[in-house]
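First up is the structure itself, then whatever we jot down about it.
The values are calculated or read from the model by the stated rules, or taken from the named source; none is laboratory data. All values derive from a computational prediction rather than experimental measurement. All Cβ positions, glycine included, derive from the backbone under ideal geometry; neighbour counts span all protein chains shown.
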Amino acid sequence: MPACARFAFDSVQTSPSNATSRAIALFDLDGTLIPWDCQLLFRHFVVRREPWRALLLPVFLIFTPLAGLLGTECMKRIFLSYLWRIDADQLARYAREFAQSLMPAIYPQLRERIERHRRAGDLLILSSASPELYVKEIGALLGFDISLGTVVTPGTLFPDLENHKGAAKVIRLHLVLDSSYFIDGRLPGSCGYTDSRADLPMLALCERALLVNPDSTLSAMAAEKHWEIVRPARPWNSPLDRALRLLALLFGLGRNPGGINATRP
């Protein structure tokens with residue numbers, strides 16, 4: 001199903017009278033506001049509460065060697081197999097509780113930026129590739145005006161979705177924002193926040209950008225384009241420590257392998 005058709009039902013149209021008077025702040029979530037991919041964190045959160053869902057992990061692992069052939073959208077559907085036949089009301093409760101559990105892990109430097117934009121009266125948009133079911137809850141707690149993510153229809157083993165990543169974020173913004181926000185295809189006065197090259201299409205809309213713990217390629221691009229860089233502390237001590245934490249999150253082991261329930265400097 002085309003992205004426009006999939007996303008049209010929950011579009012939030014802004015008022016043309018307000019559009020030209022507000023700058024926009026676009027924030028990615030995973031790796032930008034928090035150090036981890038929320039999909040791993042949420043999987044761990046759910047499996048710790050329903051341990052039998054860990055038995056569905058082999059479904060994902062079997063397909064992992066074929067990731068390059070299947071593509072990211074298909075692999076995301078397979079990864080979400082742990083939500084098979086989950087009760088919709090229970091899933092909504094998990095999403096709310098999960099969002100609350102993430103609040104201590106929000107990078108202080110980024111939370112301060114959110115508050116700065118709010119004080120300036122800017123339109124705050126959270127735009128993530130993670131499932132929208134909890135992205136909206138996270139956005140609500142942080143005071144975002146609009147929160148967008150991958151729309152997932154759980155229930156089946158491989159849930160239907162349309163990956164909200166890369167250029168799809170730009171398409172979605174054109175759907176939810178009034179056209180008066182855009183001038184020559186860009187968003188005047190806007191600022192974009194990300195850690196990932198996947199968000200370069202989103203940053204192309206913006207006048208300014210801030211990169212969070214960018215890799216060498218993004219760092220070089222930041223120097224060329226005069227983008228800001230911040231490098232907040234992450235919870236792992238070494239590549240090995242990070243790998244072990246990733247495995248614990250994937251397998252649903254430990255109470256808090258992501259280190260998200262304690263405020264960090």
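Considering only residues that are assigned to a helix (DSSP H, G or I) and either under 16 Å from MET103 (Cβ atoms) or aromatic (Phe, Trp, Tyr) (or both), which ones fall in segment 125-141? Correct list: TYR134, VAL135, LYS136, GLU137, ILE138, GLY139, ALA140, LEU141. Kindly indicate whether any position in segment 98-105 is out of contact with any helix residue (DSSP H, G or I) (no Cβ under 7 Å at 6 or more places or on another chain), at positive phi and either modelled with pLDDT of 95 or more or surrounded by 19 or more Cβ atoms within 10 Å (Cβ to Cβ) (or both). So far as segment 98-105 goes, no, none of its residues is out of contact with any helix residue (DSSP H, G or I) (no Cβ under 7 Å at 6 or more places or on another chain), at positive phi and either modelled with pLDDT of 95 or more or surrounded by 19 or more Cβ atoms within 10 Å (Cβ to Cβ) (or both).
For beta carbons closer than 9 Å, sequence separation of 6+ or different chains, a first residue in segment 181-196 that is touching a residue at least 24 places away in the same chain (Cβ under 8 Å) and a second that is among the aromatic types (Phe, Trp, Tyr) and not in a loop (DSSP other than H, G, I, E, B), the qualifying pairs are LEU187/TYR181; PRO188/TYR181; SER190/TYR181; GLY192/PHE27; TYR193/PHE27; THR194/PHE27.
Restricting attention to segment 224-259, the residues being over 23 Å from PRO108 (Cα atoms) and small (Gly, Ala, Ser) number 4. The C-beta contact set for segment 156-171 (first residue outside any loop (DSSP other than H, G, I, E, B), second residue buried (at least 18 other Cβ atoms within 10 Å of the Cβ) and among the polar types (S, T, N, Q), distance under 9 angstrom, 6+ apart or interchain) comprises LEU161/THR150; GLU162/THR150; ALA168/THR150; LYS169/SER127; LYS169/SER128.
Somewhere in segment 72-82, is a residue more than 20 Å from the chain's Cα centre (by Cα) and over 30 Å from SER180 (Cβ atoms)?
Narrowing segment 72-82 to residues more than 20 Å from the chain's Cα centre (by Cα): none.
No, segment 72-82 contains no residue that is more than 20 Å from the chain's Cα centre (by Cα) and over 30 Å from SER180 (Cβ atoms).
Is it the case, given these coordinates, that ARG118 is closer than 16 Å to LEU29 by Cβ, among the charged types (D, E, K, R) and in contact (Cβ under 8 Å) with a residue 12 or more places away in the chain? Here the answer is no, as ARG118 does not meet what is asked. Here segment 83-96 is the region considered, the condition is being farther than 11 Å from PHE158 by Cβ, in a helix (DSSP H, G or I) and not basic (Lys, Arg), and the residue that is nearest to the chain's Cα centre (by Cα) is ALA95.
For SER180, the test of being out of contact with any Lys or Arg (no Cβ under 7 Å at 6 or more places or on another chain), among the hydroxyl-bearing types (Ser, Thr, Tyr) and in a strand (DSSP E or B) is failed. Condition check for SER180 on (1) closer than 24 Å to ARG22 by Cβ; (2) under 17 Å from the mean Cα position of the chain (by Cα): one failure, at (2). Can ARG53 be described as in a helix (DSSP H, G or I), surrounded by 18 or more Cβ atoms within 10 Å (Cβ to Cβ) and not hydrophobic (A, V, I, L, M, F, W, C)? Yes: the conditions hold for ARG53. Cβ-Cβ distances below 6 Å connect the following pairs, each with a first residue in segment 85-106 that is within 25 Å of THR32 (Cα to Cα), a second residue that is modelled with pLDDT under 95 and exposed (fewer than 12 other Cβ atoms within 10 Å of the Cβ), and a separation of six or more residues or different chains: PRO104/THR263.
Is it the case, given these coordinates, that ARG231 is basic (Lys, Arg), modelled with pLDDT of 95 or more, farther than 23 Å from ALA23 by Cα and under 19 Å from the mean Cα position of the chain (by Cα)?
Working: basic (Lys, Arg): yes; modelled with pLDDT of 95 or more: yes; farther than 23 Å from ALA23 by Cα: yes; under 19 Å from the mean Cα position of the chain (by Cα): yes.
So ARG231 passes the test.
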